[in-house]
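Inspection log for the structure reproduced underneath, given as structure tokens.
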Amino acid sequence: MNAFNKKTIEDIDVKGQRVLVRVDFNVPLEHGQIADDTRIQAALPTIKYLLEHGAAVILCSHLDRPKGEPDPQYSLAPVAEHLADLISAPVAFTEDCIGAKAEAAASELEPGEVLVLENTRFHAGETQNDPKMAEQLAKLADVYVNDAFGSAHRAHASTEGVARHLPAVAGYLMEKEIRYLGAALADPRRPFVAILGGAKVSDKIAVIENLLGQADKLLIGGGMANTFFAAQGHAMGDSLVEEEALDTAKDLLAKGGDKLLLPVDVVIAHAFDAEAAHKTMPVGDVPAGWRILDIGPDTVASFSQQIVTAGTVVWNGPMGVFEMEAFAQGTFALAQALAASSADSIVGGGDSAAALQQSGLADQITHISTGGGASLEMLEGKVLPGLAALQDKE
């Protein structure tokens, strides 16, 4: 898992071949328009390489969570249009991803042309990894490329099943993601510091357990820190606390020892509201009616000190409710510390990536992962099915 040992698009001859590429075009749409095209941009190097090397390129992806049947609001048609603008070339679109329409469109495709298939999740067989659907997808092409790191942790028909029927290799984005995260976990420059935030401890128990064995320091912020405070016996007022995870938090505190650092001060507010009265307090009992919504300045200083001296930093999850300006200071201050540090910096997870884009510091980070769930599973030490299914290098 750690070293990248899979074949890539450069290890095969794609000239004159129809290449089915699983991309991650699961982009946010607003009123039928693409609100953020980061994931489409991330797929361009692979698409351009294949076109330049004489392949006919067939792209498939899911978009959001239609319930296994066609739903026009989740159509990939706007994505196909946007892609045509990005590559300054026509992009064909077909209203299904398998069956007669898709097969006809794929067979007519000439080298140097691009076809986008409709949302793979318009079929229930996609998420069930139905062998029949995987076979139908495989009929469309001669070669399969998985470039959808954001879906690599799922064994679905278009991410894992189809790889059993065609020569299957990785695209550039998949290779880049696995190289960065894999190297950080397998052979990090030390000290190796992991920063974990976000709302829930329960989502990240396995990550914390795995990283306690690997990282030199583990910094915990965000809503998940509240559950640790509660486990230490502090009253938490109206703060988000996962009661069912208190015992786990106690165990992790005992296991973590001085490796695991919690905030020393917090920003509390009178309501979950951008305009709410708020103040900073040292960690302790939170008054009734108040809730923790960010880390405080002393915590920022102590966490930044760890970042400044680190060789490798992996960050997953914000430190507070960064969508509200009053409670974004902790997250943005750590982003600044990370941007200024000389560490190999890897940021995974949708919210952390969004916070970095918002802070304007994204270009100063070594690597921002496109896949939240997939990067979390790598941090847990799991093997990703969409990666495992690809051919190994000899």
Q. Taking region 1-38, which residues are modelled with pLDDT of 95 or more, open to solvent by 40 Å² or more (accessible area, probe 1.4 Å), in contact with an Asp or Glu (Cβ under 6 Å, 6 or more places away or on another chain) and not charged (D, E, K, R)?
A. GLN17
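Among what's in region 126-180 and is among the hydroxyl-bearing types (Ser, Thr, Tyr) and at pLDDT 95 or above, pick the residue that is farthest from VAL14 (Cα to Cα).
THR127
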Q) Does region 193-213 contain any residue that is in a helix (DSSP H, G or I), without any contact (Cβ under 8 Å) to a residue 24 or more places away in the chain and either open to solvent by 50 Å² or more (accessible area, probe 1.4 Å) or of a type in the set (Gly, Ala, Ser) (or both)? A) no
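Check whether at least one residue in region 106-125 is within 20 Å of SER75 (Cα to Cα), modelled with pLDDT under 95, touching a Ser or Thr at 6+ places or on another chain (Cβ under 9 Å) and open to solvent by less than 40 Å² (accessible area, probe 1.4 Å), and report yes or no.
So in region 106-125, the residues within 20 Å of SER75 (Cα to Cα) come out as 106, 114-125.
After this cut, where a residue has to be modelled with pLDDT under 95 as well, the list is none.
Within region 106-125, none of the residues are within 20 Å of SER75 (Cα to Cα), modelled with pLDDT under 95, touching a Ser or Thr at 6+ places or on another chain (Cβ under 9 Å) and open to solvent by less than 40 Å² (accessible area, probe 1.4 Å).
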Q: Just give me the residues in region 244-274 being touching a residue at least 24 places away in the same chain (Cβ under 8 Å), open to solvent by less than 80 Å² (accessible area, probe 1.4 Å), under 23 Å from PHE192 (Cα atoms) and outside any loop (DSSP other than H, G, I, E, B), in sequence order.
A: ALA249, LEU252, LEU253, GLY256, LYS259, LEU260, LEU261
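Just to be sure, is PHE332 at pLDDT 90 or above and touching a helix residue (DSSP H, G or I) at 6+ places or on another chain (Cβ under 6 Å)?
Details: at pLDDT 90 or above: yes; touching a helix residue (DSSP H, G or I) at 6+ places or on another chain (Cβ under 6 Å): yes.
It is true that PHE332 is at pLDDT 90 or above and touching a helix residue (DSSP H, G or I) at 6+ places or on another chain (Cβ under 6 Å).
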Q: Residues being touching a Pro at 6+ places or on another chain (Cβ under 9 Å) and either open to solvent by 10 Å² or more (accessible area, probe 1.4 Å) or assigned to a strand (DSSP E or B) (or both): count how many of those fall in region 350-394.
A: 3
Q) Checking GLY311 against (1) under 23 Å from the mean Cα position of the chain (by Cα); (2) over 29 Å from ARG189 (Cβ atoms), which test does it fail? A) (2)
Q: Please indicate, with yes or no, whether at least one residue in region 156-174 is free of Cβ contacts under 8 Å to residues at least 40 places away in the same chain, assigned to a helix (DSSP H, G or I) and either of a type in the set (A, V, I, L, M) or on the phi > 0 side of the Ramachandran plot (or both).
A: yes
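The values are calculated or read from the model by the stated rules, or taken from the named source; none is laboratory data. All figures in this text were calculated on a predicted structure; none of them were measured in a lab. Positions of Cβ are generated from backbone atoms using ideal geometry, with glycine treated the same way; all protein chains shown enter the neighbour counts. The protein model used for the area step is the full one, side chains on, heavy atoms only, and it has no ligands, DNA or RNA in it. Shrake-Rupley method; radii C 1.70, N 1.55, O 1.52, S 1.80 Å.
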